[in-house]
Amino acid sequence: MSITVRLAAPLRAAAGGNTTLSFDVTDLPQLAREIADRYPELAARVLRDGEFGRFVNVFVDGEDARFLAASDLQGKRTVEILPAMSGGAVAPLPERARRDEHEVFGSFIDETIGIVARQTRDTVSFAVGSPSREALDLVGADDLVATVIRREGAKALGYGITEGEPELRDVIASAARDRGVAADASEVLVSAGALQAIDLACRVYLRPGDVVVAESPAFANALSAFRNHGARVLEVPVDREGLDVAEAARRIRKLGVSPRMFFVVPNFQNPTGETLSLQRREDLLALAASHDALVVEDDPYGLLRYRGKDVPSLAALGGAEVVSIGTFSKTFLPGLRVGWVIAHSEVIARMSRAKQTMDSSTGTLAQRIVLEFHRRGGADAHIGRLRELYREKQDRARAALARELAGTGISWNDPDGGFYFWVRLPAGVSARALLEVALEEGVAFVPGDAFAIDADHRSALRFSISAPTPDRIDEGVRRLRRAFDRLA
């Protein structure tokens, strides 16, 4: 019988660049033998001792092979091989190569976006956490770019200062002061998006073996950054008030560890959409101070509140060393890759030295486009328009979920802002299995296990409202219900 094997992007080069492979096999052990015979480079990535290794996940017609009663492939159509969910590890190379290589972790979120992009059918995507097309059109990017190039010419295309354009650093520091953070331009570094800022914090603060306390579920790319720097991640549950700080303290005591870093997305968290309460923020700062640890707050969604009142940032509250990270990606133009980090000036100096080995400086043109937008004085009004745009989408999604998923046993939370709902499936239902069917119905999301290392979020998914139009949200949720009914 013929089985189609689908390969995740990191594995395709080992199979001659192929996205899919075909095999005439009857069970998984035979498939492993065929891969070893026909694609030895791929076998080195996915097999150990003739079996699929722990560093890859194998799905048979959308069902995790680890939970199948047998390895029989009779009647099956597809086998999908993916880097493991715990940060997206690709299998290590053979022994000789491993002396020179180390395991590198990525993000299954990005892989899911690629899976959606390859769909040939019309697909409503709840998978991406990026601004909508309507939001990008509000900016007037063509006029901004033309103005910068016309006024500054080649100067806008040359190398820049590692720490960032001085005027932009002033803009960022001023906005931080408006939020109660005592910052000046010397304490700001302009990064290539928030992800680079997270990586710079890892480079400056973390050493192999250090413990990082992180939310669970958590921003997957950050988890991978910690692990790529050799840190151990202590996953702590998130509830309706954000990170469970009391549970974090209990787990720290039980394990007898001393954390070096606490990492949180305090406002409308990725992926759950929950917000860390004021009491929890104060408790977190006290817990971090008791361990002489720093707190890294990554706040890309804080300006996108649709209900309720803002909560003071961790940096504004004080009580522990806090590194604040932000980005223009969610509220301006994500493709520019302009973010920032605010920290003590000596920390900024160390981050600058680390950045000089990465990209020397964040793109000059991108920074000046951001500056031009702020010089025109419309930033606050733009945020107001974004809140209205996304508030409508969130309301539409909330109503569609309630209407279409009634009676299914599926539940979800109710965030006050941001891009995400955290959707919980009935016990025992795999979000990965649902995704396989959902793609056939023309709808996509990110499975919950992409946001953890060891914690079990297999029966949950991240549902992003940012990209589809309101009408497409309605249609997408209808398709999701059809997929669930088929799976059930």
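The values are calculated or read from the model by the stated rules, or taken from the named source; none is laboratory data. Everything quoted here is computed from the prediction, not taken from an experiment. Every residue, glycine as well, gets a Cβ built from its backbone with ideal geometry; the counts of neighbours run over all protein chains shown. Areas reflect the complete protein model, heavy atoms only, side chains present, ligands, DNA and RNA absent. Shrake-Rupley method; radii C 1.70, N 1.55, O 1.52, S 1.80 Å.
Going highest first, how would you order 367-378, 395-406 by mean Cβ packing within 10 Å?
The most tightly packed comes first, giving 367-378, 395-406.
On a C-alpha basis, how far is the centre of segment 256-322 from the centre of segment 118-141 in Å? Whole number, if you could?
One Cα centre to the other: 29 Å.
For the pair residue 413 and residue 110, what calculated FRET efficiency results from E = 1/(1 + (r/R0)^6), where r is the Cβ-Cβ distance and R0 = 30 Å, to the nearest 0.05?
Computed FRET efficiency for residue 110 and residue 413: 0.80.
Ordering 254, 355, 76, 155 by how much accessible area each has at a 1.4 Å probe, largest first, what is the list?
254, 155, 76, 355
Keeping all protein chains in position, work out how much accessible area residue 471 exposes to a 1.4 Å probe, and write it in Å² to the nearest 10.
About 110 Å², rounded to the nearest 10.
Lys/Arg Cβ at +1, Asp/Glu Cβ at -1, dipole of segment 357-488 taken about the Cα centre: which of 383, 417, 466 is farthest positive-ward?
Value: 383.
Using Cα pairs closer than 8 Å and at least 6 residues apart in sequence, work out the relative contact order for the chain, in percent.
19
Given a 1.4 Å probe and the protein chains all in place, what does the accessible area of residue 174 round to, in Å² to the nearest 10?
50
Could you give the angle, 0 to 90 degrees to the nearest 10, between helix 470-487's Cα long axis and the longest principal axis of the Cα atoms of the chain?
Value to nearest ten degrees: 30.
Of the DSSP beta bridges with both residues in the chain, give the percent that are antiparallel, rounding to the nearest 5.
Details: 35 of 59 bridges.
Roughly 60 percent of the DSSP beta bridges within the chain come out antiparallel.
Any chance you could run the full-extension gain for residue 359 through residue 387? It's 0.36 nm times the residue separation minus the Cα-Cα distance, nm to one decimal. Write down the numbers at each step before the final one.
Details: separation 28, 0.36 × 28 = 10.08 nm, distance 3.34 nm.
In short, 6.7 nm is gained.
Excluding ligands and nucleic acids, what accessible area in Å² is computed for residue 39 using a 1.4 Å probe, to the nearest 10?
So the heavy atoms of residue 39 present about 50 Å² to solvent.
Taking only protein heavy atoms into account and a 1.4 Å probe, give the accessible area per residue of the chain in Å².
About 42 Å² of surface per residue is accessible.
At what distance in angstrom do the alpha carbon centres of segment 449-482 and segment 156-195 lie from each other?
If we compute the Cα centre of each part, the gap is 34 Å.
Could you please report the charge total around residue 189, scoring K, R as +1 and D, E as -1 over all other residues with beta-carbon less than 15 angstrom from its beta-carbon? Spell out each step's value before the answer.
On the way: positive: 169, 203, 337, 350, 353, 355; negative: 163, 165, 167, 170, 184, 187, 199, 298, 346, 359.
Net charge in that neighbourhood comes out at -4.
Between residue 184 and residue 375, what is 0.36 nm times their sequence separation minus the Cα-Cα distance? Round to one decimal in nm. Don't jump to the answer; show the numbers that get you there.
Values: separation 191, 0.36 × 191 = 68.76 nm, distance 1.86 nm.
In short, 66.9 nm is gained.
Helix 345-355: angle to the longest alpha-carbon principal axis of the chain, degrees 0 to 90, nearest 10?
Between the helix axis and the principal axis of the chain, the angle is about 40 degrees.
Run the quick spin-label model on residue 350 and residue 486: label points 7 Å from Cα toward the beta carbon, then report their separation in nm to one decimal.
5.2
Using alpha carbons only, how many degrees (0 to 90, rounded to 10) separate the axis of helix 379-404 from the longest principal axis of the chain?
Once rounded, the angle reads 30 degrees.
In debye to the nearest 20, how big a dipole does the chain give about its Cα centre with +1 on each Lys and Arg Cβ and -1 on each Asp and Glu Cβ?
With Lys and Arg at +1 and Asp and Glu at -1, about 180 debye.
With n ≥ 4 as the cut-off for DSSP H runs, can you work out [θ] at 222 nm for the chain, using -39500 (n - 2.57) per run divided by the number of residues, rounded to the nearest 500?
-12000 deg cm²/dmol
Which entry in (i) 23.5, 75; (ii) 21.6, 71; (iii) 23.1, 67 is this structure's computed Rg and Dmax of the Cα atoms in Å?
This structure yields the entry labelled (iii).
Taking 7 Å along the Cα-to-C-beta vector as the label spot, tell me the residue 118-residue 26 distance in nanometres, rounded to one decimal.
So the label points at residue 118 and residue 26 sit 2.9 nm apart.
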